[in-house]
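S.K.: Just dropping this structure here.
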Amino acid sequence: MDTQQVSAPSRAPSAGVVHINIRLTDGYTIISNRLSQHRGLSLLAIGLGTHIQSLPDGSRVGVKALAAIFPESETRIAAALRELERHGFLRRIRENVRGGKLVTSTVFYNHPEAAVRGRERVAEPVPAPVAVPVPAPAPGPVPVPAPAAVPVPAAEPPAVAEPVRVPEPEPVPVRVPEPAPAPADAAPAPRLVPLPTAPRKPRVPLPAPQRPTEALYAAAADLLAGLPRTAPLFRLSEEDVRGLVPGVAAWLERGTRPDAVRAALTDDPPVPLRHPAKLLRHRLIALLPPPLPAPVPVVPLQNCDDCDRAFRSSVPGRCGECRDARAYADESCLIGA
C-alpha cells in the first residue's frame, strides 16, 4: 500500500534577511540584479537607476527634475548619474532638431553588456550576396513553394550624434616689459656678500679661572676625558682636552658641581654631531654661570685679658667695657666747690 509523503515546511533562516513575497499584479517593475546588486555603484546610484527604470518613456530625468522630487542635492544626483553612465546603464545622446537646437535624450539599459554586444553586431560589415545557379525546372506540375519566413530586422539603437567640438582659443602671449638699461654713469649696486678682506668679528675668548691651581686643572681634565662614559658622542682628542680645560676650571671655580657641568655640556646635542669640541667651547662660553658672591669676613672670638669674657676682635686684648673702665680710672676727679 502506497503511503503519501508529506514534506515538512521549510524553516526560516536563523540569521539574515527573510523575504515575504506576495504576487504582484500591477504597479511593479522588473529590475535586473546587474543593477540592484552591482558592487561598483553606490546605494544612491542604484536607487536612482531603479527609479529611472520604473518611469515611463518620455519622463524627464534631468538633475533639476530629480532634485525636485528627492531630498538629495543636485550635486549628489549629478554624481549618481555619472556613476550610472560610467558603468553603461545610462547613455546621454545629443541630437539636432529643427531650428539648429541641440536636445539631450537619455537612454537607460537594464542589461548594459547585451546592449554593447548588440551595437557591435550592428557595426560589423554585412557580406555581399553570392549568386547561386538555379537548375531548369522539370516538366510536370510546378510545385508551389511555401511562403518563406520574412526576417524581422532588430530594432537599431538610435544614432549617436557626434559632439560638437568648439575650437579652443589660442593663448595670447603676454609680453613682459624688459627692464630699462641702467645709465653708464650709474653707481654699481651694493654687494650683499662681505669682501674677503672685511674685518671679522673677534672671537670670544674661553673663560679661565681667577685663581688657577693644579688641583682645579686636574679636576677639569678628568671631567673632559670622562665625558664618553655618559655621552659617547663627546669623544675628544688630547689637544681638545688641553684647550678646553681652562673653561671647565672656570665653571668649577664658580661653585658648579662636576655632574652639573657634565649635564650642561652634553645635554641635547645636535644630530649629527660633527664637531664636539666646538660645541663644548660654545656652551662653556654661552652657559657660563655667574661668579660666587664675595664671602662675608668673619671676626674671630678673643678672650678679654681682664675679665676673661669672649668678644669679637681681630687682635687679642681687652673687651670694650674693660678698656672704658681703665680710661676712667686714669683720669683725675674734678669736683666743683
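The values are calculated or read from the model by the stated rules, or taken from the named source; none is laboratory data. Since the model is a prediction, treat every value here as computed from it, not as a measurement. FYI the Cβ positions are ideal-geometry reconstructions off the backbone, even for glycines, and counts take in every protein chain you see. Note: areas computed on protein heavy atoms with side chains; ligands, DNA, RNA excluded. Shrake-Rupley method; radii C 1.70, N 1.55, O 1.52, S 1.80 Å.
S.K.: Quick check, is Arg86 modelled with pLDDT of 85 or more, within 24 Å of Thr29 (Cα to Cα) and open to solvent by 80 Å² or more (accessible area, probe 1.4 Å)?
M.R.: yes
S.K.: Further question: Go through segment 194-239 and report how many residues are open to solvent by less than 60 Å² (accessible area, probe 1.4 Å) and touching a Ser or Thr at 6+ places or on another chain (Cβ under 9 Å).
M.R.: So the answer is 3.
S.K.: Being free of Cβ contacts under 8 Å to residues at least 24 places away in the same chain and hydrophobic (A, V, I, L, M, F, W, C) is the filter; apply it to segment 213-236 and report the residue that is farthest from Arg281 (Cα to Cα).
M.R.: Ranking the candidates gives Ala215 first.
S.K.: For residues in segment 47-77 being part of a loop (DSSP other than H, G, I, E, B) and under 23 Å from Ala115 (Cα atoms), which is nearest to the chain's Cα centre (by Cα)? Reasoning before the result, please.
M.R.: Quick first cut of segment 47-77, residues part of a loop (DSSP other than H, G, I, E, B) only: 55-62, 68-73.
Subsequent filtering for residues that are under 23 Å from Ala115 (Cα atoms) retains 55-62.
Working: Leu55: 47, Pro56: 50, Asp57: 50, Gly58: 50, Ser59: 48, Arg60: 45, Val61: 41, Gly62: 39 Å.
Among those residues, the one meeting the criterion is Gly62.
S.K.: Ok, one more. Of the residues Pro270, Pro290, which is exposed (fewer than 11 other Cβ atoms within 10 Å of the Cβ), in contact (Cβ under 8 Å) with a residue 12 or more places away in the chain and outside any helix (DSSP H, G or I)? Explain how you work it out, then say what you get.
M.R.: Values: Pro270 fails: in contact (Cβ under 8 Å) with a residue 12 or more places away in the chain.
The conditions single out Pro290.
S.K.: Would it be correct to say that Leu55 is hydrophobic (A, V, I, L, M, F, W, C) and either open to solvent by 80 Å² or more (accessible area, probe 1.4 Å) or under 17 Å from Thr104 (Cβ atoms) (or both)?
M.R.: Yes: the conditions hold for Leu55.
S.K.: Related question: Please go through segment 256-267 and pick out each residue that is loosely packed, with under 12 Cβ neighbours inside 10 Å and not in a helix (DSSP H, G or I).
M.R.: Arg257, Asp267
S.K.: Within the group Leu44, Leu35, which residue is closer than 15 Å to Phe108 by Cα, open to solvent by less than 100 Å² (accessible area, probe 1.4 Å), modelled with pLDDT of 85 or more and not in a loop (DSSP other than H, G, I, E, B)?
M.R.: Step by step, each of Leu44, Leu35 is checked, and only Leu35 is closer than 15 Å to Phe108 by Cα, open to solvent by less than 100 Å² (accessible area, probe 1.4 Å), modelled with pLDDT of 85 or more and not in a loop (DSSP other than H, G, I, E, B).
S.K.: Determine if segment 317-325 includes at least one residue that is exposed (fewer than 13 other Cβ atoms within 10 Å of the Cβ) and part of a loop (DSSP other than H, G, I, E, B).
M.R.: The answer is no, given that none of the residues of segment 317-325 is exposed (fewer than 13 other Cβ atoms within 10 Å of the Cβ) and part of a loop (DSSP other than H, G, I, E, B).
S.K.: Return the residues of segment 78-90 that are outside any helix (DSSP H, G or I), in contact with a Phe, Trp or Tyr (Cβ under 9 Å, 6 or more places away or on another chain) and closer than 17 Å to His51 by Cβ; say none if nothing qualifies.
M.R.: Phe89, Leu90
S.K.: Please list, ordered by first then second residue, the pairs with beta carbon atoms under 9 Å, 6 or more apart or interchain, first in segment 67-95 and among the aromatic types (Phe, Trp, Tyr), second open to solvent by 80 Å² or more (accessible area, probe 1.4 Å).
M.R.: Phe89/Arg34; Phe89/Asn110
S.K.: Among Arg242, Arg281, which is the only one that is open to solvent by 90 Å² or more (accessible area, probe 1.4 Å), in a helix (DSSP H, G or I) and farther than 30 Å from Val315 by Cβ?
M.R.: After applying the criteria, what remains is Arg242.
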